[in-house]
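The values are calculated or read from the model by the stated rules, or taken from the named source; none is laboratory data. Quantities reported herein were computed from a predicted structural model and do not represent experimental measurements. Glycine also receives a Cβ, built like all others from the backbone with ideal geometry; neighbour counts cover every protein chain displayed.
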Amino acid sequence: MSLMMIGGIAWRIFTPMGLSAEETRTVLTTVVYYFFLPMMVLEVLWAADIGWRSLQFTLLVIPTILFGMFCLWAIGTVFKFERRCLGAMILATFPNVTYLGLPVLEQTFGSWARSVVIQIDLFATAPLLFTFGIMAVRHYGNDTSQKPQPVWSFLNTPPFWAAGAAVFLNLKGLVAPVWLSGTLKLLSGAVVPLMLFSLGLALNWKSVRLSNVGNIAPVIAVKMFLMPLFAIVLVSQIPMPANYKAAAALDLAMPSMVIGIVLCDRFKLDSSLYAMAVTVTTALSLISLPFWHQVLLSRF
């Protein structure tokens, strides 16, 4: 997985055929988001255990992220951080549950963990991001679009179309024919390497500046320590199998999500600060994720 990310970092350095990292990442993430990821969503949710467990994931994820947002809001308010910086810091609490969480959990726990990741993303993280998250960045930033999108517009996207179709087929008890399930499995296999390569493209060490250390330190403390700890305590109170508890809590220990850079650009937040948060927390996750994994194994 690290080698795949290093491939993206190398592309940023050498820019083959003159294609910059930003151009390449835009194309790859667009293809994944609009084609390959919906195919994985359809494959996984069609056969997943949807119902009470999906609600349990929601009850775990939303309070954990809101806790992180509150902590950084409180720190930023007390120390009077600049508004555009504070908005970027609050946005950085959203974990990279899919682009990094999917490959990490699949390699750590097995293919069944894909269902955990997708349900966490579609039933908790994404709805929270495009409601409370968008409200926060609009408050601290500046929405320059002539016609702002309503907060529920995220439902009109291919992954959610695929999720709706998969949930319908799942609840109807329909079984995918062999040729279709094989095709979906083949397409799903492209998601992980493309996500990891795109994550490597997004890591920009030029964004790491000493002037931002004071703003990044609270993000690291909240994102890499307090939020995983809160998630472990909370998931301990939720009745679900131990392996699902460990997988869900580890997914919430992921570093800051990459897509937040796009939101920072759109709402005029401090994009360089957010890019530094993504880069630094991703690098630190090489240490923090094994640590939290051991904690989870000893607890669950």
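I want to confirm something. Restricting to the stretch 36-76 and keeping residues that are of a type in the set (Gly, Ala, Ser) and part of a helix (DSSP H, G or I), which single residue is farthest from residue 88 (Cα to Cα)? Walk me through it before giving the result.
From the stretch 36-76, those of a type in the set (Gly, Ala, Ser) are 47-48, 51, 54, 68, 74, 76; that's our starting set.
Add one more test, that the residue is part of a helix (DSSP H, G or I), and what stays is 54, 68, 74, 76.
Working: 54: 29, 68: 13, 74: 14, 76: 11 Å.
Across the stretch 36-76, the extreme among qualifying residues is 54.
Out of (1) under 18 Å from residue 259 (Cβ atoms); (2) free of Cβ contacts under 8 Å to residues at least 60 places away in the same chain; (3) buried (at least 22 other Cβ atoms within 10 Å of the Cβ); (4) not hydroxyl-bearing (Ser, Thr, Tyr), what's the single condition that is false for residue 89?
So residue 89 meets the others, but not (2).
Let's see how each residue does on (1) touching a residue at least 12 places away in the same chain (Cβ under 8 Å); (2) in a helix (DSSP H, G or I):
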position: 206; (1), (2): no, yes
position: 212; (1), (2): yes, yes
position: 215; (1), (2): yes, yes
position: 220; (1), (2): yes, yes
position: 226; (1), (2): yes, yes
position: 240; (1), (2): yes, no
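Go through (1) under 30 Å from residue 13 (Cβ atoms); (2) surrounded by fewer than 16 Cβ atoms within 10 Å (Cβ to Cβ); (3) touching a residue at least 60 places away in the same chain (Cβ under 8 Å); (4) under 21 Å from the mean Cα position of the chain (by Cα) one by one and return the number of the condition residue 189 breaks.
(3)
Does residue 142 qualify as being part of a loop (DSSP other than H, G, I, E, B) and under 28 Å from residue 69 (Cβ atoms)?
Considered against the rule, which asks whether it is part of a loop (DSSP other than H, G, I, E, B) and under 28 Å from residue 69 (Cβ atoms), residue 142 comes out as yes.
List the number of the failed condition for residue 32; all other conditions in (1) out of contact with any Ser or Thr (no Cβ under 8 Å at 6 or more places or on another chain); (2) β-branched (Val, Ile, Thr); (3) modelled with pLDDT under 95 hold.
Answer for residue 32: the failing condition is (1).
Among the numbered criteria (1) at pLDDT below 95; (2) of a type outside the set (Asp, Glu); (3) surrounded by fewer than 24 Cβ atoms within 10 Å (Cβ to Cβ), which single criterion is violated by residue 269?
(3)
What are the residues in the stretch 259-279 that are more than 17 Å from residue 126 (Cβ to Cβ) and assigned to a helix (DSSP H, G or I), if any?
264, 265, 271, 272, 273, 274, 275, 276, 277, 278, 279
Go through (1) in contact with a Lys or Arg (Cβ under 6 Å, 6 or more places away or on another chain); (2) closer than 27 Å to residue 224 by Cα for residue 44 and report which single condition fails.
(2)
Run down 136, 166 and say which single residue is closer than 29 Å to residue 45 by Cα and modelled with pLDDT of 90 or more. Walk me through how you get there before you give the answer.
Values: 136 fails: closer than 29 Å to residue 45 by Cα.
Unique residue meeting the criteria: 166.
How many residues, within the stretch 3-17, are among the β-branched types (Val, Ile, Thr) and without any contact (Cβ under 8 Å) to a residue 12 or more places away in the chain?
So the answer is 2.
Which count do you get for residues in the stretch 26-40 that are within 11 Å of residue 187 (Cβ to Cβ) and surrounded by 17 or more Cβ atoms within 10 Å (Cβ to Cβ)?
Of the residues in that region, 6 qualify.
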